[in-house]
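K.L.:
Got a structure here, written out as structure tokens. Questions coming.
The values are calculated or read from the model by the stated rules, or taken from the named source; none is laboratory data. Keep in mind it's a predicted model, so treat the numbers as computed, not measured. Backbone-built Cβ (ideal geometry, glycine too); neighbour counts: all protein chains shown. Keep in mind that these areas ignore ligands, DNA and RNA; they rest on the heavy atoms of the full protein, side chains included. Shrake-Rupley method; radii C 1.70, N 1.55, O 1.52, S 1.80 Å.
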Amino acid sequence: MRSKTLAAVAATALALILAACGGGSGTVTPATPVTTTISGSAVKGPVSGATVTVKNAATGAVLGTTTTGPGGAYTLGVQFTGDVIVEVSGGTYTDEATGASTTLTTPLRVVLNANGGNVTGIVTPLTTMAYTQAFQSGTAVTTSAFDARAQSLASQFGLSGVNLATTLPQVTGTTNAYGDSLRALSRYMADNIRTLATVTNAVFANAGDLS
């Protein structure tokens, strides 16, 4: 009789322990989503009031949206880790060559790896050229493929060692080399009556092709 009583007490205690731990329900506590904060600027010159859309590079699913400020800067957090496309559309900018206020009618893109921390995404005509050249044949969109093409394009424009996706172009005041390349691109477009869509889908042998 005593052994039966002890067995019953032990069984009851075990059931209480399992209930407290959730072991008897089969419930699994979901993992806390990992947030990646993406910050950067859209420059053609600085694009204000543009929509920034972050997409899963593998599926195209939209992960988040925001709007650029007066200087083209943006910041948003996405609950995602992996390769993403940052796409900028709409908004206005002051053309570096003509000084005219211009509506952005061709989306600008860059590809980044969302790593669960803070990453930088600079979006320009040159990052867009790298994007279209890397993926125009329908190949999978990956950060590694984008980076390889962006490095090659940077060298063609005399920007060896410049990371097109993380370096901010200075297109006004005291410019930097990246900004000078964008100004030259704008001058080429104005002098040769070329659209942004045309040049971002072009292949230039070197920066001299913009003269």
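K.L.:
With a cut-off of 20 Å, note down the residues of the stretch 79-117 whose backbone N falls inside the zone around a label point 7 Å from the Cα of THR59 toward its beta carbon.
P.N.:
79-87, 111-117
K.L.:
Continuing with this model, one more query. How big is the dipole moment of the stretch 63-211 about its Cα centre under a simple scheme where the beta carbon of each Lys and Arg is +1, that of each Asp and Glu is -1, and everything else is neutral? Debye, nearest 20, please. Can you show the working numbers first?
P.N.:
On the way: 5 positive and 8 negative charges, 9 e Å.
Dipole of the stretch 63-211, to the nearest 20 debye: 40 debye.
K.L.:
Okay, moving on. Could you let me know the centre-to-centre spacing of the stretch 68-126 and the stretch 32-63, using Cα atoms, in angstrom?
P.N.:
7
K.L.:
While we're looking at this one, here's another question. Round to the nearest 10 and report in Å² the accessible area of ILE193, as given by a 1.4 Å probe over the protein chains' heavy atoms.
P.N.:
About 150 Å², ignoring ligands and nucleic acids.
K.L.:
Roughly how many Å² of THR167 are accessible to a 1.4 Å probe, to the nearest 10?
P.N.:
40
K.L.:
Tell me, what % of the accessible area of the stretch 47-124 is carbon and sulfur with a 1.4 angstrom probe? Write out the running numbers ahead of the final one.
P.N.:
Details: 1430 of 3120 Å².
Solvent-exposed carbon and sulfur of the stretch 47-124 make up 46 percent of the total.
K.L.:
Taking θ as phi - 60°, what are the ³J(HN,Hα) couplings along the stretch 105-114 by the Karplus curve (6.51, -1.76, 1.60), each to the nearest whole Hz, with x for Gly and Pro?
P.N.:
9, 10, x, 10, 9, 8, 10, 9, 9, 7
K.L.:
Now for a different question. Pop the C-beta distance of ALA177 and GLN79 into the FRET formula with R0 = 30 Å and round what comes out to the nearest 0.05. Please report the intermediate quantities before stating the final value.
P.N.:
Details: r = 36 Å, r/R0 = 1.20.
The value I calculate is 0.25.
K.L.:
Just the number please: accessible area per residue for the stretch 81-147, 1.4 Å probe, all protein chains included, in Å². Before the final figure, lay out each step's value.
P.N.:
On the way: 2470 Å² over 67 residues.
On a per-residue basis, 37 Å².
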